[in-house]
Amino acid sequence: MNIVPLVLLGLALAAPAELKRAKDRFEFGAYADAAGALRHLLAGEPDLTDDEAVDAYRMLGISEYHLGDLPQARAAFVNLLSYDPDYALDPFLVPPPIVEFFDRVKKEHEPALAPLRERRRALRQQQRLADDAKRRLLAEEAARTGPPTKVVRVQERLYLFNWMPLGAGQFQNGQRAKGTAIAAGQIAMGLVNITAILVHNQIAKDAARTCVSGQPGCSNPPYTDSDRRLLGNVEAVKYVSAGLFWALYAYGVWDAHKYFVPIVETEMTPTGQLTGGSLKLEWSF
């Protein structure tokens, strides 16, 4: 097996990461570490984009200037200009002496930069012509075939809604009737539970309803037998309503997961009308 392509691919993937580490050191002000990392990176002829190469040589030039090595700073800036002959340092981010030094280097090499600048201008013009030709081709094809007969609307659904109460998952899945039933049931059980709690607390804390041993109907103070039966019934309603609320919640979560699909693609006409059906990308559990 030929491992050379794999090695080259590994180097290409490692270059941006190494460039990021060098940038972190540069922004922290560790110019010696940044310059060393950048020299090591650039010496290996990494597969960098033009923007990445410009950024690398910019940081190297500034770092070398801070370290007092002006010839190396000059060489780094010349390499930068070979990628972008119109590049200019930002005077708000770079100290003025470094900006002046860079501008002198740029002015000194203006005769060599002029052809590079013209070449870049020609390449941009060629790209514009290619883009115009592509647009004309697509416009001609659209004029020949007419407007699109359908439009696909992509809807992304949120997984978090599967865990929310009040039928949120069902509403998201398009099951409005089921969602309404679950929401109504949970609201009703919640209101019953809260009412039972309030009634239970009111009876239990009402000093006027207490009794003492020996009074008729007070076999188990401090509540009368009738109040104790009432408290028992209210407490039963409290626990039953809470149990039904959480049972509905559990069912809603299970049902939402069962019918959940993360992405739904719906075919529509250009006027916004459904053409019938939708394509669902299923999610299995």
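The values are calculated or read from the model by the stated rules, or taken from the named source; none is laboratory data. Just so it is clear, the model here is predicted, and its values are computed rather than measured. Note that each Cβ is placed from the backbone with ideal geometry, even for glycine, and that neighbours are counted across all protein chains shown.
Residues in the range 153-161: is at least one at pLDDT below 85, of a type in the set (Val, Ile, Thr) and not assigned by TED's automatic domain parsing to the domain that holds residue 245? Scanning the range 153-161 turns up at least one residue that is at pLDDT below 85, of a type in the set (Val, Ile, Thr) and not assigned by TED's automatic domain parsing to the domain that holds residue 245. Just so you know, in the range 86-117 the residues that are within 37 Å of the chain's Cα centre (by Cα) and either over 17 Å from residue 62 (Cα atoms) or small (Gly, Ala, Ser) (or both) include one that is modelled with the highest pLDDT, and it is 88.
Touching a residue at least 60 places away in the same chain (Cβ under 8 Å), surrounded by 13 or more Cβ atoms within 10 Å (Cβ to Cβ) and either on the phi < 0 side of the Ramachandran plot or not polar (S, T, N, Q) (or both): which single residue out of 197, 182, 203 fits that description? The conditions single out 182.
Taking the range 69-90 as the range and being within 25 Å of residue 121 (Cβ to Cβ) and surrounded by fewer than 13 Cβ atoms within 10 Å (Cβ to Cβ) as the test, the residues that pass are 86, 88, 90. Residue under question is residue 85, and the condition is that it be out of contact with any His (no Cβ under 6 Å at 6 or more places or on another chain), without any contact (Cβ under 8 Å) to a residue 60 or more places away in the chain and in a loop (DSSP other than H, G, I, E, B); does it hold? Considered against the rule, which asks whether it is out of contact with any His (no Cβ under 6 Å at 6 or more places or on another chain), without any contact (Cβ under 8 Å) to a residue 60 or more places away in the chain and in a loop (DSSP other than H, G, I, E, B), residue 85 comes out as yes. For the range 164-179, the set of residues classified as under 24 Å from the mean Cα position of the chain (by Cα), farther than 8 Å from residue 256 by Cβ and either touching a residue at least 40 places away in the same chain (Cβ under 8 Å) or in a helix (DSSP H, G or I) (or both) consists of 171 only. Within the range 99-115, does at least one residue satisfy the condition of being among the small types (Gly, Ala, Ser) and assigned to a helix (DSSP H, G or I)? So far as the range 99-115 goes, yes, one or more of its residues are among the small types (Gly, Ala, Ser) and assigned to a helix (DSSP H, G or I).
For the range 222-233, filtering for residues that are touching a strand residue (DSSP E or B) at 6+ places or on another chain (Cβ under 7 Å) and assigned to a loop (DSSP other than H, G, I, E, B) leaves 1.
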